[in-house]
1. Taking H as built 1.01 Å from N, whose amide H comes closer than 5 Å to the amide H of Gln229, not counting residues under 5 places away?
2. Select from the range 19-91 those GluC sites (Glu not before Pro) which occupy a DSSP coil region and have at most 15 other Cβ atoms within 10 Å, ordered by residue number.
3. Find out how many positive minus negative residues lie around Trp140, taking Lys and Arg as positive, Asp and Glu as negative, among other residues whose Cβ is under 13 Å from that of Trp140.
4. Report the label-to-label distance for Met111 and Tyr134 in nanometres (one decimal), using points 7 Å from each Cα along the Cα→Cβ vector.
5. If you keep only loop residues by DSSP, which chymotrypsin sites (Phe, Trp or Tyr not before Pro) in the range 1-89 have at most 12 other Cβ atoms within 10 Å of their Cβ?
6. Using the beta-carbon distance between His2 and Ser44 and R0 = 25 Å, what value does 1/(1 + (r/R0)^6) give for FRET efficiency, to the nearest 0.05?
7. If you average the sequence gap of Cα pairs under 8 Å that are 6 or more apart and divide by the length of the range 1-97, what percent do you get for the contact order?
8. What number comes out for the charge environment of Glu90, summing +1 per Lys or Arg and -1 per Asp or Glu over other residues with Cβ under 14 Å away?
Amino acid sequence: MHYEFKLKLNKIDSNDYSNIIIPEVDWYLNEAQDIFVKQRYGISNAKRQGFEVTQKRIDDLKMLVVKGFIPPAPIISQADTNTYEICLPENYLFLIRSKADIWKLDGSCPMKMDVGIIQVQHDDLNNITGDPFYSPSYEWEEVPAVFMGPEVGWQACCENTASNYTPGCITDPNCTCNPVECLMISGVPAGGAPDSPPNARCPLGRFIMYTDGTFGIMNAKLDYIRKPQLISYGSGVSGASYNYPSGIVAPLLQHCELSIHTHREIVDIAVQIASGDLDHPNFQVKALKTQLNE
């Protein structure tokens, strides 16, 4: 992909842009890969076709589809009444499908497996939870759900209050630390600001599932599109590799994970981005090519 990028960016038999170094080419390729995935998942593309609308769109992202991921067991959530939550996996990008195993809290009915979870909007929750036809229900297998961001700072708060905090409190159902008490504490705990990243639980966000209080959620299962690995040609650098801006060392060699037929499309997007940054005289031609490649 590096060779193709430089070939398409440069004029034939010239080295007009030969001074673009390997980490910069990696950066352009990864930015292009990120744009490609988002365009093929949504409809912000020339053909206005999203994920799985056509066979081409299915094949574009099939290498990133994760089926039947089971995160750690849901815990009772403090986000709202009668809710359970799970943390989204570290490589999560877009949700495709979700299911849950539910059971009656009084033990009067057997567990129901693989009940479909219905994603709803936050501003519809008042109507949904109060409507007998759409509210959460064990009998009708209705489990509404919404997304939320990380829960920040409560572990740090617990560690610096009189609460009986114990390590592993986040996952231990017998934990004696009270998250509500921690979140209500004003001021900055001694361990740092409440919203500092090291203190965040579920850094990629949370999936909040609603019940009516008569049933619980045992497991959740997610089908989703994951983040692709970053493209890297670290072995091409004289120092044997280089560091990303985050400080992480780039892999010596990481090929694009997406299907082979997408690689040239990704390179064309990278060339278009670089052409715009460099004020390339053929920018419009390169932009047109990315549309033709879809």
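Where a number appears in this text, it was derived from the coordinates with a stated rule and is not lab data. Just so it is clear, the model here is predicted, and its values are computed rather than measured. Backbone-built Cβ (ideal geometry, glycine too); neighbour counts: all protein chains shown.
1. Amide H neighbours of Gln229: Glu257.
2. Hits after loop and neighbour filter: Glu52, Glu90.
3. My count for the surroundings of Trp140 gives -4.
4. For Met111 paired with Tyr134, the spin-label model returns 3.1 nm.
5. In loop regions of the range 1-89 (DSSP not H, G, I, E or B), there are no sparsely surrounded chymotrypsin sites (Phe, Trp or Tyr not before Pro).
6. Between His2 and Ser44 the formula returns 0.40.
7. 12 percent
8. Residues near Glu90 contribute +4 overall.
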